[in-house]
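So the structure is just underneath, and the comments pick up after that.
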Amino acid sequence: MKKPQDTGHSPPSGEISQLTEHLFRQEAGKLVSVLTGIFGIDRLQLAEDVVQEALIRALQTWPYYGIPNNPAAWLTQTAKNLALDLIRREKLFRDKQPEIVATTEQWSVDSSPDDSPLFDTEIKDGHLRLMFACCHPLMVEEEQTVLALKTLCGFSAAEIAKAFLATEAAIAKRLTRARQKIRELRIPFEIPSGEELAIRLDGVLQTLYLLFNEGYKASSGASLVREELCHEAIRLALLLAEHPAGNRPRIHALIALMLLNTARFPTRTDTDGNILRLKEQDRSRWDRAMIARGMFHLLQSAEGDEVSDYHLQAGIAACHCAAKDYESTDWPQILSLYNRLVEFDDSPVVALNRAVAVANVDGPTAGIDAVKAIRNRAKLSSYYLLYAVLGELEAQLDHLQTAADHFRISLKLTEIKSEKMFLSKRLQACEERTAKGTLNSKPRIDANRRE
Amino acid sequence: MRLVFGRVTQTRNSCPKAGSSFVVLLKQRKSSTFKHQPKNIMSTQNENGYMLLFRGTDLRKGLSAEELQKVTDDWMAWFKRLTEQGKALAGQPLEREGKIVSGKDRIVSDGPFAESKESIAGYILLQAATLDEAVKIAKECPGLDYGISVEVRLVDQQIGRGFAVSV
């Protein structure tokens, strides 16, 4: 172990005694990518293990000597040393050894890695290569997202399990299968080029979108982990957009859509975790800086004449973000975007969202008609939000009995506590209004009798 | 797969290497970390020296990066607090692998094993009034939840005194 006086560590009594949030997790993602470049993608697990070991070294050293001046560089150097050591020991690498050692030596020689542009490019390329490998079309969706979260984002199987409402064992199994598939199918560790690039890029965007939705969905997992998924999806998308290979209008559209939705994340529930509807949300708590960033990427996405479903979704999110209150929301614009979106995406969920826009433009009856007109509506028959939407619309028409019936069905279809509470409240409101209505109408009935 | 990491003999910057020498109280180090040097243990009448030995270089499997960071942060804060309170006189991590010298033939063997529950990962030298107080401090160790155990040992000062009295 190195001597305390030449470490560049600040002593524990110094001012900085807390690490930057998520430092370990994010550095782990970077380092796994870089080490994969060295060990080969068929030895992904080895790269993950070496990185884990580097983090453990930090845990065992930093408490006594304080945080190093450049923690990221420290971790990189430690991982590098561990990797080199392993390469020297492992017979498996014997043939490749001189080549590997030479590459590793280049990482950082005299300057710290963070100051070295060469190394920075190396990390970014590695990250992108791994991204393309994880999102390879031969991998199925669930493998893609899980593997990306594990290797690129540095989440543990237990954390992923929490986000996906799965068991840790199930996630671990999925990860093992994914790594195995990479080996067996010889999935390349490279950034595709030429015609392949555009197709493969779409695959990556799709995975990032899934990742984001997984986090954004109100219905799954512990809320903190979910929010992290959203931030990770954004981070990876930004990395991709920064690279010449990834800098396309549609990725900016995806980033815009993610930022504009995440900006509203904290206001979606009250302090007790109850769901708040858009009209109930405190807009002053929306993250204005994030909205501005979203709008910036939306502008960038407008370059060229390409329109993707990400563009349309980002446009819808932008309409919400731009409205100073619920009443001034530009619903006609939102509806026109949904009208185009259903052409891209025939998912009944999109059509259901469109119906809500219709109701806001043309009134609840038109909204109900739009719901009835959803082409593959049968697919929604066990989707709690279908009945929640119908309940809302019927309630607006004062069809309180019908509304209550819908809310009751909806309640049966979700197991999530916050959703159950929300729906119970809506149901209760209907019942109270029904009771009040009966009460108010009583004198009238009496009057009628008198007549 | 278990990894066995050994030592690396050279590095070119100041980052840690998986090797090199470590000396426990055999060599005095210049370090701003320590407010007191070990010799101070003897100087306080009502305080004794206690050694907290952290055992277990084999942390619970599958710890996430976030968890590792949290333990690092907590441990850092813990050691800082103990140092500021004057409770911790010294503390250092130990490198995983070293040599074991044994027997009259001075046989030098490798060890301890790189990852084991028994292997000592580091120590803190405490100044505390009683064993109870030292144990109470040991119970605060942030590593306990993750597979580390703490051995609390009194640094024996009685032998010296006893000898002195009998003379």
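Taken over the stretch B:123-143, the criterion of being within 27 Å of residue B:61 (Cα to Cα) and assigned to a loop (DSSP other than H, G, I, E, B) is satisfied by B:140, B:141. State yes or no: is residue A:382 open to solvent by 60 Å² or more (accessible area, probe 1.4 Å) and farther than 19 Å from residue A:261 by Cα? So residue A:382 passes the test. Selection of the stretch A:198-219 for residues being in contact with a Pro (Cβ under 7 Å, 6 or more places away or on another chain) and closer than 16 Å to residue A:252 by Cα yields only A:203.
Rundown of residues vs (1) assigned to a strand (DSSP E or B); (2) over 21 Å from residue B:51 (Cβ atoms); (3) away from chain A (no Cβ under 14 Å), yes/no style:
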{"position": "B:96", "(1), (2), (3)": "no, no, no"}
{"position": "B:100", "(1), (2), (3)": "yes, no, yes"}
{"position": "B:117", "(1), (2), (3)": "no, no, yes"}
{"position": "B:121", "(1), (2), (3)": "yes, no, no"}
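Among the residues of the stretch A:13-43, the ones that are within 10 Å of another protein chain (Cβ to nearest Cβ) and of a type in the set (Ser, Thr, Tyr) come to 3 in all.
Of the residues in the stretch A:279-293, how many are closer than 18 Å to residue A:385 by Cβ and open to solvent by less than 40 Å² (accessible area, probe 1.4 Å)? If you could, list the steps in order and put the result at the bottom.
Just the residues of the stretch A:279-293 that are closer than 18 Å to residue A:385 by Cβ, to begin with: A:279-281.
Checking which are open to solvent by less than 40 Å² (accessible area, probe 1.4 Å) leaves us with A:281.
Final tally of qualifying residues: 1.
Consider the stretch B:78-128 and keep the residues that are open to solvent by 40 Å² or more (accessible area, probe 1.4 Å) and among the hydrophobic types (A, V, I, L, M, F, W, C). The one that is farthest from the chain's Cα centre (by Cα) is B:107.
Would you list the helices (runs of 4 or more DSSP H) that sit entirely within the stretch A:311-377 and hold 2 or more residues that are over 20 Å from residue A:396 (Cα atoms), out of contact with any strand residue (DSSP E or B) (no Cβ under 6 Å at 6 or more places or on another chain) and open to solvent by 10 Å² or more (accessible area, probe 1.4 Å)?
Details: elements: A:331-344, A:348-362, A:364-372.
The qualifying helices (runs of 4 or more DSSP H) are A:331-344, A:348-362.
Restricting to the stretch A:188-218, give me the number of residues that are outside any helix (DSSP H, G or I) and either of a type in the set (S, T, N, Q) or under 8 Å from the mean Cα position of the chain (by Cα) (or both).
Step one: list which residues in the stretch A:188-218 are outside any helix (DSSP H, G or I), which gives A:188-193, A:217-218.
Filter once more, keeping what is either of a type in the set (S, T, N, Q) or under 8 Å from the mean Cα position of the chain (by Cα) (or both): A:193.
Residues flagged as outside any helix (DSSP H, G or I) and either of a type in the set (S, T, N, Q) or under 8 Å from the mean Cα position of the chain (by Cα) (or both) within the stretch A:188-218 amount to 1.
If I filter the stretch A:279-286 for residues that are among the hydrophobic types (A, V, I, L, M, F, W, C) and in a helix (DSSP H, G or I), do I get at least one hit? No; the residues of the stretch A:279-286 include none that is among the hydrophobic types (A, V, I, L, M, F, W, C) and in a helix (DSSP H, G or I). Of all the numbered requirements in (1) open to solvent by 10 Å² or more (accessible area, probe 1.4 Å); (2) in contact (Cβ under 8 Å) with a residue 60 or more places away in the chain; (3) in a loop (DSSP other than H, G, I, E, B), residue B:63 misses one, and that requirement is (1). Regarding the stretch B:66-81, can at least one residue be identified that is without any contact (Cβ under 8 Å) to a residue 24 or more places away in the chain and in a loop (DSSP other than H, G, I, E, B)? No, the conditions are met nowhere in the stretch B:66-81. Right, residue B:68: within 7 Å of chain A (Cβ to nearest Cβ) and modelled with pLDDT under 90 or not? When the stated conditions are applied, residue B:68 does not pass them.
Residues that are more than 9 Å from every other protein chain (Cβ to nearest Cβ) and modelled with pLDDT under 85: find the helices (runs of 4 or more DSSP H) completely inside the stretch A:44-126 holding 2 or more of those. So that I can check it myself, show each step before the final result.
Details: elements: A:44-65, A:71-89, A:97-107.
Counting at least 2 such residues, we get A:97-107.
When A:298, A:312, A:276 are checked against the criterion of being without any contact (Cβ under 8 Å) to a residue 40 or more places away in the chain and within 20 Å of residue A:340 (Cα to Cα), a single residue qualifies: A:312.
The values are calculated or read from the model by the stated rules, or taken from the named source; none is laboratory data. This structure is a prediction, so every number in the text was calculated from the model and none was measured. Backbone-built Cβ (ideal geometry, glycine too); neighbour counts: all protein chains shown. All accessible areas refer to the heavy atoms of the entire protein, side chains included, with ligands and DNA or RNA removed. Shrake-Rupley method; radii C 1.70, N 1.55, O 1.52, S 1.80 Å.
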